[in-house]
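The structure under discussion appears below in the form of structure tokens.
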């Protein structure tokens, strides 16, 4: 090697002094070329070293640190209990990291074993087996007793679980300390989704009465089985929750979480949350806030849920008229609403099944006005003319019976608010007995000037004759004319995005003469006092589905009562049959799947 170098370099290696004088022998162009060569050589050497480093190393997470997430909302109390888990997004999100389900979801949305594995027989019998060495966050062992207790609590209506409908008619049987069997009346394509239920500890909840269940301290100081456990809560001077601190659950059945602690911070307004973000007090936030900033990282994903205005079809004044409901659909510019409220980050759905369909009600202002006029509404109101409901055309006297007598008795009942002693028993018997005769006499004397004076009678006769019939027809045989204002109340939960949507609908519908009143309620009041009693004209509400969509609880006529979720009161034999066929078709697929597995 040395001899080869000497051949390439015939003279002696330059001395240090000659190297120092090297720049003097180069002209300006040579110097630039020399510097460029040195820079290229340095870059190539650095690139080769960096590439080697990258190829021989990998990035991996390390344990430690704190993550702080912000929420908009003022809460004095949160119900962090899976049996009430559908009440609000905030509660649902926190429950996800405090509890684990029998089944769970992988990153592709497929149902996979979590706390337990399962076997299935013809879609009717499901047996779950708990994995080994499962513990609650307080160190107590998880057993099949916890599963049975959770299901029985949900199935007991006195506890008011939001999952009651999903578990109706399911028989639950403990097989051993680790096995539980569920028996269904018929095959179900939905039930496997039920097994994603997060269970609660029997040793914590078994001694708490139903009436105190949703108020128990364990709804906040949670004992769960998720990757994190409750640490403490910080409240402000008004008693509202300011921060909830969580820490890693040392008994979590999977690998321990990498982040040691999570702090959940609550802010009354969006502005205060964003200010906290700008000041570095939080690391992230959600809660459906539409926020644009170039240097802020966002993560977006689509959920199987939709938000809709549900019309109460039992509202006889306005919304039971299908023509009005169609007009409201045509009067809604959904694209504008989507862009104004969430910056276009969402999809317009035209079916409760969340499938692609043509839009049956595109924004069509002219059609909306035409339909409102067809329904009798013009300039923001409807005139209802006087209507004859019954005419007294024959004399009625003692011992008479039939429809004339029933109409007479109903008339007297309608007047008892003004004249309580007119017909005190208030019975519609259809028989003209002594009580009815005395009521006629009192009626004649109350309206003496119109009934008795023309005949010169001093007291009532108890016989319904000419002038008595005329007065009855005046008071009871017609409904008065009425002006019905085109006014619609929208109830919704007091969350920023829901209120914004309701007010955008208020703005859009006002262009059609519709007076919209937005009523904000907290989610618990909305469920207890509004939804359960069906005391609303319309309600803006969100429906969250699992990966398998079951339309029966929301749209089948059997679910109209207060324990059901058919909030519109919609009833159709054809729709019921379609929904039942969908379920049956899913059941057929389950049977085929089971047969294939057995083969």
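The values are calculated or read from the model by the stated rules, or taken from the named source; none is laboratory data. Given the structure is predicted, the values throughout are model-derived calculations rather than measurements. A quick note on method: Cβ atoms are made from the backbone with ideal geometry, for glycine too, and the neighbour counts reach across all protein chains shown.
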Among the numbered conditions (1) surrounded by 13 or more Cβ atoms within 10 Å (Cβ to Cβ); (2) touching a strand residue (DSSP E or B) at 6+ places or on another chain (Cβ under 7 Å); (3) at pLDDT below 90, tell me where residue 338 comes up short.
(2)
Those residues of the range 151-176 which are more than 20 Å from residue 118 (Cβ to Cβ) and in contact (Cβ under 8 Å) with a residue 24 or more places away in the chain, in sequence order
153, 156, 157, 158, 159, 160, 161, 162, 164, 165
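Evaluate the following for residue 145: is it surrounded by fewer than 18 Cβ atoms within 10 Å (Cβ to Cβ), in contact with a helix residue (DSSP H, G or I) (Cβ under 6 Å, 6 or more places away or on another chain) and in a helix (DSSP H, G or I)?
Yes; evaluated as a whole, the condition is true for this residue.
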Is there a residue being assigned to a loop (DSSP other than H, G, I, E, B) and free of Cβ contacts under 8 Å to residues at least 40 places away in the same chain anywhere in the range 510-524?
yes
Restricting to the range 369-395, name every residue that is touching a strand residue (DSSP E or B) at 6+ places or on another chain (Cβ under 8 Å), surrounded by 14 or more Cβ atoms within 10 Å (Cβ to Cβ) and modelled with pLDDT of 90 or more.
372
Using beta carbons and a limit of 6 Å, which pairs, at least six apart or on different chains, have the first residue in the range 248-259 and in the same structural domain as residue 96 (by TED's automatic domain parsing) and in contact (Cβ under 8 Å) with a residue 60 or more places away in the chain and the second one surrounded by fewer than 19 Cβ atoms within 10 Å (Cβ to Cβ) and part of a loop (DSSP other than H, G, I, E, B)?
253/134; 258/61; 258/63; 259/65
Residues of the range 60-79 being at negative phi, surrounded by 12 or more Cβ atoms within 10 Å (Cβ to Cβ) and over 16 Å from the mean Cα position of the chain (by Cα), which ones?
66, 67, 68, 69, 70, 71, 72, 74, 75, 77, 78
Answer yes or no as to whether residue 225 is assigned by TED's automatic domain parsing to the domain that holds residue 101 and surrounded by 14 or more Cβ atoms within 10 Å (Cβ to Cβ).
yes
Which is out of contact with any helix residue (DSSP H, G or I) (no Cβ under 6 Å at 6 or more places or on another chain) and surrounded by 14 or more Cβ atoms within 10 Å (Cβ to Cβ), of 163, 195?
195
Just need a number here: residues in the range 214-266 that are touching a helix residue (DSSP H, G or I) at 6+ places or on another chain (Cβ under 6 Å) and more than 18 Å from residue 138 (Cα to Cα).
0
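Listed here are the residues, each with its yes/no results for (1) in contact with a helix residue (DSSP H, G or I) (Cβ under 8 Å, 6 or more places away or on another chain); (2) at pLDDT below 80.
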| site | (1), (2) |
| --- | --- |
| 521 | yes, no |
| 527 | no, yes |
| 536 | yes, no |
| 554 | no, yes |
| 557 | yes, yes |
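To keep it simple, each residue is scored yes or no on (1) surrounded by 17 or more Cβ atoms within 10 Å (Cβ to Cβ); (2) touching a strand residue (DSSP E or B) at 6+ places or on another chain (Cβ under 8 Å); (3) at pLDDT below 90.
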| residue | (1), (2), (3) |
| --- | --- |
| 221 | no, yes, no |
| 229 | yes, yes, no |
| 238 | no, no, yes |
| 249 | yes, yes, no |
For the range 105-123, how many residues meet the condition of being in a strand (DSSP E or B) and buried (at least 16 other Cβ atoms within 10 Å of the Cβ)?
4
With the condition kept exactly as written, say whether any residue in the range 128-137 is modelled with pLDDT under 90 and over 25 Å from the mean Cα position of the chain (by Cα).
no
